[in-house]
Amino acid sequence: MTFVRQSGIKNKLLRRFSKEAFDLLAPLLEPIDLPVKHSLVLPRKPIEHVCFLESGLASMVAESSDGKSVEIRHIGREGIAGYPVVLGVDRTPNSAFMQVPGHGLQVATEDFVPILDHPGARQLLLRYVHTCELQLAHTALAAAKFNVHQRLARWLLMCHDRIDGNDLPLTHEFLALMLGVRRAGVTDELHILEGMHAIKSTRGNVRITDRNKLIEIAGGCYGVPEQEYDRLIENSPQPSTLPVHLNGNRHHDML
């Protein structure tokens, strides 16, 4: 059994668990190395583990029945892979795998689900699922209403939010998956952002040279889900500290 101290954890969700909920979960957490391409969720297969990422970057990918695929959201130290189990779902058509190597803390689904009986843990994780849905919604909005270099700026900002430092070890293959374009088109879009002095792109790496410029380029397609995460998780009281009715229901302002 591995003993994990909450004070030493980098995952933002785990850090927001109440002490009572974390003490229930901590003995179940196991450290895991997460190399590139490591599968966290397999499409249409039972979700056997939930993984709290401590470092690195994972992609959630949607795939059509004829094999077309696109990245729909990122998972980093702000969240967990396998979150559909929070909603009582045992599998999903989407996949999730590592794009940037790192490590995490995983727990078997059969051990994790009972933790959801703790009101504080359940409320925190439902808030997180809400922010995931909002990120998906804004991915759709970006694809429909913004041009490709704005969408690229958004994805790079989202990667930057989840990776330490200004160097993002992103391949053209990954960038093409993010944008839903051919790899040949990725180079052109990177050159646009370089011409605006927001990034410096080399083989297998994108360096953020001016984050504020990147935010300006992304415009309205970046920021709303991030603000909602900060409001509901990063800067809100721990759910277990909020009042509970006698019937176990939270007050109406929880979400």
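Worth a mention:
- Counting only lysines at least 8 places from Lys45 when in the same chain, those with an alpha carbon closer than 26 Å to its own are Lys37, Lys68.
- Backbone phi angles across region 42-50, fed through the Karplus curve with coefficients 6.51, -1.76 and 1.60 (θ = phi - 60°), yield HN-Hα couplings of 9, x, 6, 10, x, 7, 7, 9, 9 Hz in residue order; Gly and Pro are listed as x.
- Amide H contacts of Ser18 (H built 1.01 Å from N, in plane; Pro and chain starts excluded): Ser240 sit under 5 Å, all sequence-distant by 5 or more or on other chains.
- For the chain, the Kirkwood estimate of hydrodynamic radius, built from reciprocal distances between every pair of different alpha carbons, is 19.0 Å.
- In loop segments of region 164-217 as defined by DSSP, the trypsin sites (Lys or Arg not before Pro) with at most 13 further C-beta atoms inside 10 Å of their C-beta are Arg182, Arg203.
- Going from the fewest other Cβ atoms within 10 Å to the most, the residues Ile47, Ile80 appear in the order Ile47, Ile80.
- Region 1-59 and region 116-160 have Cα centres separated by 19 Å.
- The calculated FRET efficiency for Ser65 paired with Leu136, based on their beta-carbon distance and R0 = 25 Å, is about 0.80.
- Nearest 10 degrees, 0 to 90: helix 119-145 Cα axis against the chain principal axis: 20 degrees
- Its relative contact order, with pairs defined as Cα atoms under 8 Å and 6+ residues apart, puts region 55-134 at 33 percent.
- Loop trypsin sites (Lys or Arg not before Pro), region 65-160, which have at most 16 other Cβ atoms in a 10 Å radius of their Cβ (DSSP): Lys68, Arg91
- For the chain, calculated [θ]222 nm from helices alone, where every DSSP H run of n ≥ 4 adds -39500 (n - 2.57): -11000 deg cm²/dmol
- Rounded to 10°, Cα long-axis angle of helix 183-195 versus longest principal axis of the chain: 80 degrees
- Anchor Lys200: aspartates and glutamates whose Cα lies under 15 Å away (excluding residues fewer than 8 positions away in-chain): Asp167, Asp188, Glu189, Asp210
Coordinate-derived values only; no laboratory data. All values reported here derive from a predicted model rather than from experimental measurement. We place every Cβ from the backbone using ideal geometry, glycine too, and count neighbours over all the protein chains shown.
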